[in-house]
1. Across segment 236-276, what is the total count of residues that are crowded, with 19+ Cβ neighbours inside 10 Å, in a loop (DSSP other than H, G, I, E, B) and aliphatic (A, V, I, L, M)?
2. Answer yes or no as to whether ILE137 is touching an Asp or Glu at 6+ places or on another chain (Cβ under 9 Å) and hydrophobic (A, V, I, L, M, F, W, C).
3. Identify the residue in segment 40-58 that is in contact with a Lys or Arg (Cβ under 9 Å, 6 or more places away or on another chain) and aliphatic (A, V, I, L, M) and, among all such residues, is farthest from ASP23 (Cα to Cα).
4. Kindly evaluate GLY170 against the criterion of being in contact with a helix residue (DSSP H, G or I) (Cβ under 6 Å, 6 or more places away or on another chain), outside any helix (DSSP H, G or I) and surrounded by fewer than 16 Cβ atoms within 10 Å (Cβ to Cβ).
5. Could you please give the count of residues in segment 35-73 that are part of a helix (DSSP H, G or I), without any contact (Cβ under 8 Å) to a residue 24 or more places away in the chain and among the aliphatic types (A, V, I, L, M)?
6. Going by what's in this entry, would LEU186 be described as surrounded by fewer than 24 Cβ atoms within 10 Å (Cβ to Cβ) and in a helix (DSSP H, G or I)?
7. Would you check which residues across segment 287-307 are among the aliphatic types (A, V, I, L, M), in a helix (DSSP H, G or I) and either within 16 Å of GLY115 (Cα to Cα) or in the same structural domain as LEU99 (by TED's automatic domain parsing) (or both) and list them?
8. Kindly indicate the residue of segment 73-111 that is β-branched (Val, Ile, Thr) and touching a strand residue (DSSP E or B) at 6+ places or on another chain (Cβ under 6 Å) and also surrounded by the fewest Cβ atoms within 10 Å (Cβ to Cβ) among those meeting that condition.
Amino acid sequence: MIRWGVLSTASIARNQLLPAMQDAQNGVVTAIASRDLERARKVADRFGAPHAFGSYDELLVSDTVDAVYIPLPTSQHVEWSLKAAQAGKHVLCEKPIALKADEIDALIAERDQSGKIISEAFMVSYHPQWAKVRELIESGAIGRLRHVSGMFTYFNTDPDNMRNRPELGGGGLPDIGVYPTVTARLSTGREPVKVRATVERDPRFGTDTYANVTADFGEFDLSFYCSTQMALRQEMLFHGEKGSIEITAPFNAGDYGHAFVTWHDQARDRSEIFRFAGVRQYRNMLEAFASAALNAEGELFSLENSKANQKFIDAVYRAGEHDGWEEI
């Protein structure tokens, strides 16, 4: 059993990761840390963790913890991932793991030197619906893939929310723009060559609140938009010469709708629906992580994959500053 410690009492930890840790077959929650000890104890009691700490450093030196989950503000991800690995802990860090692609080089170096796992918590990569999408594309079920489109939006204008605070790494692209990019890459096994984009910022916050992106993958194009100030919606569509694949709840299955993939076969004038009832992608991720840490088994979302995805996002920001294409 992997003994988990959690750095902070963030809502993503309380609402998603800690319940998943309780249900995982090969892990247990043992410690919660917060800069407010009373808050740490309250969350620890809620989730049955025997230890609570009033600082992150105290948790990292504790011999009751094997691995840490880091849901801190994005601007602190690299710092605390490095500290955790240097303290001898395996690391699962909330996405995005960095705000610039070159910041990930230090994490790769620490991983290689320490032998500790450092992985970005892209839960979507552990959901079987994406394996099905890749299988359909690779089998030629839709013929030659020509275009991928996507969207991910929600509405949030709370000035105190970290998503609207640039000093904490806020913004729509780091928070949700990373999902259309990573799922397009995972499903096709291809990397973008160049990108163009429109990026709008809210003058009150300074964070990007809308991005409209087109990326050239050589063999196909990806177009997507994301926004932190539009009505709630998410969707992905893979369009080929002979059919298409539609993912109804691509990123937050359960919250945005039921998880199912619809394959439209135009050649034979039929559709087939693949349903994924009861799948819990956060639990899948935690169990895969624990299996890798305990037995060196399975495949995790790698830091090299993280760097490739962040290079994409970095290029989107650069493209948003001028007209025309930006090389990736």
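The values are calculated or read from the model by the stated rules, or taken from the named source; none is laboratory data. These numbers come from a predicted model, not from an experiment. Because the Cβ atoms are built from the backbone with ideal geometry, glycine has one as well, and the counts that use them run over all protein chains shown.
1. So the answer is 3.
2. Numbers: touching an Asp or Glu at 6+ places or on another chain (Cβ under 9 Å): no; hydrophobic (A, V, I, L, M, F, W, C): yes.
Criteria not met by ILE137.
3. Going residue by residue through segment 40-58, those that are in contact with a Lys or Arg (Cβ under 9 Å, 6 or more places away or on another chain) are 43, 46-47, 52, 54-57.
This time we only want the ones that are aliphatic (A, V, I, L, M), so: 43, 52.
Values: VAL43: 17, ALA52: 20 Å.
Taking the candidates together, the pick is ALA52.
4. Numbers: in contact with a helix residue (DSSP H, G or I) (Cβ under 6 Å, 6 or more places away or on another chain): yes; outside any helix (DSSP H, G or I): yes; surrounded by fewer than 16 Cβ atoms within 10 Å (Cβ to Cβ): no.
No: the conditions fail for GLY170.
5. 2
6. On the way: surrounded by fewer than 24 Cβ atoms within 10 Å (Cβ to Cβ): yes; in a helix (DSSP H, G or I): yes.
So LEU186 passes the test.
7. Within segment 287-307, the first condition is being among the aliphatic types (A, V, I, L, M), and the residues that meet it are 288, 290, 292-294, 296, 300, 303.
Those left that are additionally in a helix (DSSP H, G or I): 288, 290, 292-294, 303.
Result: ALA290, ALA292, ALA293, LEU294, LEU303.
8. Filtering segment 73-111 down to residues β-branched (Val, Ile, Thr) leaves 74, 78, 91, 97, 104, 108.
Going one step further and asking which of them are touching a strand residue (DSSP E or B) at 6+ places or on another chain (Cβ under 6 Å), we end up with 91, 97.
Values: VAL91: 29, ILE97: 27.
Looking at residues that are β-branched (Val, Ile, Thr) and touching a strand residue (DSSP E or B) at 6+ places or on another chain (Cβ under 6 Å), I get ILE97.
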